[in-house]
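**Q** Here it is: the structure, laid out below.
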Amino acid sequence: MTRLLSAILLVAAPLPILLVSPVLALDGDVGMHDPSTVVVHDGKFYAYGTGNGLPISISDDGWTWRRAGTLMQALPAGRPGPEVIARGGNNTWAPDLIRSGDKYFVYYSAPGTQPKAAIGLLVGKTLDPSSADYKWEDGGPVVWSDGVEDSNAIDPGVFRDPTNGSLWLTYGSYFGYIRLVELNQKTGQRLYPDRKPINVAINGEASIMIFRDGWYYLLVTHGSCCVGANSSYNIRMGRAKKVTGPFIDNMGIDMLQGGGKLFLGSGGRYVGPGHFGLLDLGAGVQKFSCHYEADLDRGGISVLDIRPLLWRDGWPVAGENFREGTYQIESARTGTALELAVQGTPVGGLRGRGGRGGAGAAGGTPIPAQDAAQVSASWPSGPVDVRMAPYMLQAQQKWTVTPVANAGGYPGSPYFKITIAGTDRALTATEDQELVVLAAFSGRPEQLWRIDQLTDGTYRVMPKAIPNSKESLALSAVGSSTPTLAKFTPDSDRQRWLFKTP
Amino acid sequence: MSSPVIVALLAGIVVLDAAQAPGPRAARGPAPSLARPTSAATTPGADGFLRRWLVLEPIGVSGQLTDSAVQTAVKTEYFPDQLTSLPRDGDTLSVGDTKVAWHGVDSIGYNVNLYHFAYALDKPTSNVLFWVVTVVNAPREMSGVRLAIGSNAASVWWVNGKEVIGIYNERQTVIDDGVSKRLTLKQGPNVVRAAIVNAGGHTDFCARFLDDQDRPLKGITVSLRLQEAR
């Protein structure tokens, strides 16, 4: 197992802005390998990855990313502290971070000649390089491997147990075990340095834990990295009732014996996902970050991505960012579909069903799908209300959802416009916090829509902005026939929507 | 509690208190789900439904339920000031050659059963339009509220003369089917008016106000006269 190529990947020139259709994996300078957990600090998104000095990536919205120097630039010596280098080496790979009290703890890999390696600690108060308080202090090595023992002390993953606030670190990479130690919440160092680390898994790296509904989940990356589209990286998981394990997969196999239910493998235009990180946006919206070893739409380089995190049968499931297309938009509350408030025309026009038994075994002439060109002559040319009705395959009920270039975005996706299929009639948020369809898309914020997949697989739909308002509201079914905008309430179906292919 | 009168319903049994006045003056006996108001004003229950209404005997219409047909039906002038007047219980008027009367009703259930209403009066229930009106008294100006209705079949609704809801096509009464945009009830009386168009079969409606959290609006009273709505 080697990861020597990873640093090379990161010297690629900044990427041009791409809007890849139909699958989108962030925008801007997204080249990254071994990303940390994405952390939100003062409204900005931060991620750190493998590379000389631990490169910093910042995004204002979670969609468009830029580079902002390295973490080590803020250390007096500009590199890991001497004790870290002595226990491991001078490389800087695969960091992770967490906030504890008024401090951030950054854990990073400092390998020498593997499996001799160490995990170092940096301590700082802010992630914002432009802040007057911005600086990092060397916290020394936290754990290390001597090159002989069954451990390769790289790839830290830090986790706070929400049941009691305790802090834990998992680490390791293929050679020997994935290990677990408890951390001191005030110093970031080991809480019990004399205790033997707990072995929790084998056959992986990039470990990290998350918690939900009484279960601790250990996610690790299996397979090979750092060889572009030939990397077999994939994210696997087990779960336990105790933070210390045993972590068992869906077939009852302990991760210490190689078990691991697949969370995410290669797919679409992406090869080799690895380095899971939880991005909990609150209000029931969870995302995860990872890198792909090869993004085929970007020449096969390694890139950061953020995707929806779903839950099914007690296991996390990797969701997919919203794809452009034409959909019926159905309320999970009412089962009725969003439509332009115009008089519908039956598909195929008014006609009977023929006699009972229809037109015979061979059936009649196929009826083509209805599109706006067939029926929109009678639609008003100006603004039209929006309502909901049983889905009847009619043109006023079909919406085309299209990403909008250079309009910003949110974690994982750009903003979308939502138009009646075959027209430029655009769903629009109004000043009185209601909805209207305007005759044309103008690109204004009230016509840009954020579509987040929720943990149950349904979607939350929010305008980028509401005219003359700072409120953040979501598309809501206030009645069977009536949509509106309202505060998102995660425990209700009011603001949950299904996008179905018509 | 006085002894109850047991009334068989099409869909079941309802127990009426003997003190409740019977429904609209009946040609076929009282409407089992309706009673005549016996007080000046009433307060909606926890579910918020408006149960006191003036209902005009049905007017014959085409019974088409498309958006345009219903809008045409409700915008036709059947009698003077039909969108502004507040009639009294028992008032009569002529629609073409037909004389129709307003009846004050209290609905026993959450919904006002127009089929019961018309059947009891030996009036048609198919291809008809019902005008209904009531007065909602707000103790103070109440903003951000919504009128939320369900109807069988299509219906159009006005609050203080402004059209706020239209739902069309053949449909059953579903609570909170059509919901208005946010509106403001002024302090004192507010007139809520609707026209319900039925093509055939059962016909009824329900209506309530929701507060700015989409909960049934509290603090209002309902009456049939402006001066009694408190």
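The values are calculated or read from the model by the stated rules, or taken from the named source; none is laboratory data. It should be emphasised that the depicted structure is a prediction, and the values quoted were computed from it without experimental measurement. Counting neighbours? That spans all protein chains shown, and the Cβs are built from the backbone with ideal geometry, glycine included. The accessibility values were calculated without ligands, DNA or RNA, using every heavy atom of the protein model including side chains. Shrake-Rupley method; radii C 1.70, N 1.55, O 1.52, S 1.80 Å.
**Q** Can you flag which of A:464/B:181; A:417/B:181; A:44/A:487; A:242/A:470; A:241/A:470; A:116/A:261 are past 31 Å Cα-Cα? Please list the in-between numbers first.
**A** On the way: A:464/B:181 21 Å; A:417/B:181 23 Å; A:44/A:487 22 Å; A:242/A:470 43 Å; A:241/A:470 42 Å; A:116/A:261 29 Å.
Listed pairs above 31 Å: A:242/A:470; A:241/A:470.
**Q** Taking every pair of alpha-carbon atoms in the range B:22-74, give the share separated by more than 16 Å as a whole percent.
**A** On the way: 862 of 1378 pairs.
Roughly 63 percent, once rounded to a whole number.
**Q** Sequence-distant or interchain residues sharing an amide H contact under 5 Å with residue A:62, placed H: which?
**A** Those lying under 5 Å, H to H, from residue A:62 are A:45.
**Q** Using a probe radius of 1.4 Å on protein heavy atoms only, what is the accessible area buried between chains B and A, both sides summed, to the nearest 100 Å²?
**A** Values: alone 10310 and 20450 Å², together 29520 Å².
Chains B and A together bury roughly 1200 Å² of accessible area.
**Q** Do any residues of the range A:416-437 lose at least 30 Å² of accessible area when the full set of protein chains is present rather than just their chain alone, and if so which, with a 1.4 Å probe?
**A** Buried-area filter returns A:434.
**Q** Then there is this: Can you give the direction-averaged projected area of the convex hull of the alpha-carbon atoms in the protein assembly as shown, in nm²?
**A** Working: hull surface 160.5 nm².
If you wrap the Cα atoms of the protein assembly as shown in a convex hull and average its projections, you get 40.1 nm².
**Q** Return one whole number: the accessible area per residue of the protein assembly as shown in Å², for a 1.4 Å probe.
**A** Roughly 40 Å² per residue, with all protein chains present.
**Q** Right, here's the next one. Which loop trypsin sites (Lys or Arg not before Pro) in the range B:78-152, with loop taken from DSSP, have no more than 12 other Cβ atoms within 10 angstrom of their Cβ? Working shown, then result.
**A** Details: sites: B:88, B:99, B:140, B:146; in loops: B:88, B:140.
Listed in order of number, the matching sites are B:88, B:140.
**Q** On to the next question. For residue A:229 and residue B:62, what is the calculated FRET efficiency with R₀ set at 51 Å and r taken between the beta-carbons, to the nearest 0.05? Can you show the working numbers first?
**A** On the way: r = 67 Å, r/R0 = 1.31.
Once the sixth-power term is evaluated, E becomes 0.15.
**Q** Taking each pair of different alpha-carbon atoms in the range B:167-230 once, compute 1/r for the pair, average those values, and report the inverse of that mean as the Kirkwood hydrodynamic radius in Å to one decimal. Walk me through the numbers on the way to the answer.
**A** On the way: mean 1/r = 0.0708 Å⁻¹.
When all Cα pairs of the range B:167-230 are included, the Kirkwood radius is 14.1 Å.
**Q** On a full-extension model of 0.36 nm per residue, what is the gain between residue A:251 and residue A:470, subtracting their alpha-carbon distance, rounded to one decimal in nm?
**A** Numbers: separation 219, 0.36 × 219 = 78.84 nm, distance 4.85 nm.
Extending this stretch completely gives an extra 74.0 nm.
**Q** For chain A, just give the cysteines left without a disulfide-compatible partner, judged by no other Cys Cβ under 4.7 Å.
**A** Unpaired cysteines in chain A: A:290.
**Q** When the distances between all Cα atoms of the range B:100-230 are binned every 5 Å from zero, what whole-number percent does each bin get?
**A** Result, from short to long distances: 2, 10, 21, 24, 20, 13, 6, 3, 0 percent.
**Q** Separate question: When N is the residue count of the range B:25-183, what does its C-alpha Rg come to as a fraction of 2.2 N^0.38 Å? Walk me through the numbers before you get to the answer.
**A** On the way: Rg = 15.4 Å, N = 159, 2.2 N^0.38 = 15.1 Å.
Rounded to two decimals, the normalised Rg is 1.02.
**Q** Further, regarding this structure: Enumerate the lysines that residue B:218 could reach by cross-link, defined here as Cα to Cα under 17 Å, with residues fewer than 8 away along the same chain left out.
**A** Cross-link targets: B:186.
**Q** If the cut-off is 22 Å between C-alpha atoms, which lysines fall inside it for residue B:99, apart from same-chain ones fewer than 8 positions away?
**A** Within the straight-line limit of under 22 Å, residue B:99 reaches these lysines: B:75, B:123.
**Q** For the range A:142-156, what does the Karplus curve 6.51 cos²θ - 1.76 cosθ + 1.60, with θ = phi - 60°, yield as ³J(HN,Hα) per residue in whole Hz, taken in order and with x for Gly and Pro?
**A** 9, 9, 7, 10, 8, x, 10, 5, 7, 7, 10, 7, 10, 6, x
**Q** Got the relative contact order for chain A handy, in percent, Cα pairs under 8 Å and 6 or more residues apart? Don't skip to the answer; put the middle values down first.
**A** Numbers: 1391 pairs, mean separation 53.8, N = 502.
Here the relative contact order equals 11 percent.
**Q** Now, a different point. Which parts of the range A:476-502, residue by residue, lose 30 Å² or more of accessible area when the rest of the protein chains are there, as against the chain isolated (1.4 Å probe)?
**A** Checking the loss per residue gives A:478, A:480, A:481, A:482, A:494.
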